[in-house]
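Student: Below you will find the structure I want to go over with you.
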Amino acid sequence: MWRNHISRIPAEEIGFDPEKAVVSAAKAAMNGREISNAVMTARALARHERKKLGLDHLETVMQVWRKSELGKAEGSRPGGSWGCGIQ
């Protein structure tokens, strides 16, 4: 899945070896939608910084995802999963 989503990004926008990213990212237990969102969010972050997409961008997004997953597991979100009463 990771390989598929990363391969959709033009090579000139990527500043790392995609195969290394696939090996590293595959350790996360993300579903297809989460992977797609992670890659697109990392790409948006890189564009905002006017840089090529780097492993650091993917890692930043994955750290946020991990924290979110921990919060879900611990039930630390008052007001439901969206934090606003919507469940």
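The values are calculated or read from the model by the stated rules, or taken from the named source; none is laboratory data. Note that this is a predicted model, so its numbers are computed, not measured. Every residue, glycine among them, receives a Cβ derived from its backbone with ideal geometry; neighbour counts consider all protein chains shown.
Student: Scan the range 37-53 for residues that are assigned to a helix (DSSP H, G or I) and out of contact with any strand residue (DSSP E or B) (no Cβ under 8 Å at 6 or more places or on another chain) and jot them down.
Tutor: Of all residues in the range 37-53, those assigned to a helix (DSSP H, G or I) come to 37-48.
Scanning the range 37-53 gives ASN37, ALA38, VAL39, MET40, THR41, ALA44, LEU45, ARG47, HIS48.
Student: Are there any pairs, at least 6 apart or on different chains, whose C-beta atoms fall under 6 Å, with the first in the range 40-56 and farther than 15 Å from PHE16 by Cα and the second part of a helix (DSSP H, G or I), and if so, which?
Tutor: THR41/VAL61; LEU45/HIS57
Student: I'm checking my understanding of the structure. Among residues of the range 12-30 that are outside any helix (DSSP H, G or I) and within 11 Å of the chain's Cα centre (by Cα), which one is modelled with the highest pLDDT?
Tutor: Within the range 12-30, the subset outside any helix (DSSP H, G or I) is 14-17, 26-30.
Those left that are additionally within 11 Å of the chain's Cα centre (by Cα): 28, 30.
Working: ALA28: 80, MET30: 90.
Taking the candidates together, the pick is MET30.
Student: Same structure again: Do you know which residues across the range 3-48 are charged (D, E, K, R) and surrounded by fewer than 16 Cβ atoms within 10 Å (Cβ to Cβ)?
Tutor: Here is the first cut: in the range 3-48, the residues charged (D, E, K, R) are 3, 8, 12-13, 17, 19-20, 27, 33-34, 43, 47.
Within the range 3-48, ARG3, ARG8, GLU12, GLU13, ASP17, GLU19, LYS20, LYS27, ARG33, ARG47 meet the criteria.
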